[in-house]
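Read through the structure below, which is laid out as structure tokens, and then see the notes.
The values are calculated or read from the model by the stated rules, or taken from the named source; none is laboratory data. What you are looking at is a predicted structure, and each value in this text was computed from that prediction instead of being measured. Note: ideal-geometry Cβ built from the backbone for every residue, glycine included; neighbour counts use all protein chains shown.
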Amino acid sequence: MPEIIWKGNEHTNKESRYGVVPICIVDHISTSTMYSMDSWFTDPKNDGSSAHFGVGKDGMIHQYVKIEDNAWAQGLPVAKIPLSPAPIVRDMNCNPNLYCVSIEHEGTDGELTEEQFKATVWLHRYIMQYINDKWNPGMDLGSYNVLGHYQVDPWRRPNCPGPKFPWDRLRAELAVAEKQTLEELELRLWPAETGWADRLERIQAVNNELNWYMEEVAQGEGVGYANGCMDRYMALYEFMNNQGFLPKK
Ligand SMILES: [Zn+2]
């Protein structure tokens with residue numbers, strides 16, 4: 001599962017959100033490599049742009065600005081705010097940087113690698129969790145709250161995040177992801193790497209055996225079956241506990 005690597009420095013452009021709660025995720029294309037993104041967002045000569053996150057073609061996630069702060073990624077001239085095609089931009093009626101969290105994607109035309117796609121799905125869900133845990137605005141990952149830059153600013157950024165950005169697939173994934181926990185999502189996105197598929201298979205096997213014992217007991221079989229049932233129950237409990245399925249005490 002992805003790890004978020006902090007890359008911001010004292011030169012990274014950022015400002016306070018001035019009390020505005022983040023409620024929107026905006027997807028961008030970097031039109032550059034991760035390396036040049038890392039350099040530009042930390043360059044003392046850059047006094048015009050930044051982003052919260054960058055997602056590389058290899059699935060790496062870099063962070064430049066804290067979610068608590070506003071990054072300079074999708075500002076809009078005041079006169080354009082009521083004309084934006086995005087309903088949330090008109091509803092919020094203030095500088096979009098104040099309530100948006102920005103995700104840059106390494107690339108040029110919006111086409112994402114498979115690892116990059118999975119990482120950005122995870123990152124959207126992570127941001128939703130972070131915001132809801134911290135400010136509790138009840139944010140979800142529907143089309144009101146997740147936008148392309150072109151929807152915020154079609155005048156200056158009609159091609160961000162690019163013609164090949166996988167909107168249909170991303171929206172379908174986010175509709176599932178917003179109803180899953182992060183752990184469930186990780187299991188779905190990286191079943192092999194996390195080993196979750198193996199763990200679930202073993203739990204299912206123990207659980208099936210447990211059910212068989214319980215049926216036997218229910219049908220009036222003797223104390224031997226009841227003991228077997230308890231043994232299997234304890235084995236299942238211990239296994240789940242060791243695998244981190246149960247809440248920590
Ligand atoms: Zn953009």
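A few notes on this one:
- Of all the residues in the stretch 95-111, those that are aliphatic (A, V, I, L, M) and either in contact with a Pro (Cβ under 6 Å, 6 or more places away or on another chain) or within 12 Å of the ligand (Cβ to nearest atom) (or both) number 2.
- The stretch 141-159, residues that are crowded, with 20+ Cβ neighbours inside 10 Å and in contact with an Asp or Glu (Cβ under 8 Å, 6 or more places away or on another chain): LEU141, VAL146, LEU147, GLY148, HIS149
Residue by residue, here is whether (1) within 16 Å of the ligand (Cβ to nearest atom); (2) over 28 Å from GLU10 (Cβ atoms); (3) at pLDDT below 95 holds:
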| site | (1), (2), (3) |
| --- | --- |
| TRP40 | yes, no, no |
| ASP43 | no, no, no |
| ASN46 | yes, no, no |
| ALA51 | yes, no, no |
| GLY56 | no, no, no |
| ALA71 | yes, no, no |
| ILE81 | no, yes, no |
| PRO85 | yes, yes, no |
| ASN93 | no, yes, no |
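- Residue check, VAL78 in the same structural domain as GLU184 (by TED's automatic domain parsing) and surrounded by 23 or more Cβ atoms within 10 Å (Cβ to Cβ): no
- Only residues that are under 19 Å from HIS62 (Cβ atoms), crowded, with 21+ Cβ neighbours inside 10 Å and within 16 Å of the ligand (Cβ to nearest atom) were counted in the stretch 14-33, giving 6.
- Contact annotation: residue pairs with Cβ atoms under 7 Å, 6 or more positions apart or on different chains, pairing a residue in the stretch 141-168 that is farther than 26 Å from LEU185 by Cα and at pLDDT 95 or above with a partner that is of a type in the set (A, V, I, L, M) and part of a loop (DSSP other than H, G, I, E, B), are GLN151/ALA86; VAL152/LEU76; VAL152/ALA86; ASP153/LEU76.
- Only one entry of ASP133, ASP109 meets the criterion of being loosely packed, with under 15 Cβ neighbours inside 10 Å and in a helix (DSSP H, G or I), and that entry is ASP133.
- Looking only at the stretch 1-16, and only at residues there that are modelled with pLDDT of 95 or more and within 21 Å of the chain's Cα centre (by Cα), the one that is nearest to CYS94 (Cα to Cα): GLY8
- Per-region count, the stretch 142-188, residues outside any helix (DSSP H, G or I) and either closer than 20 Å to ARG17 by Cβ or among the acidic types (Asp, Glu) (or both): 6
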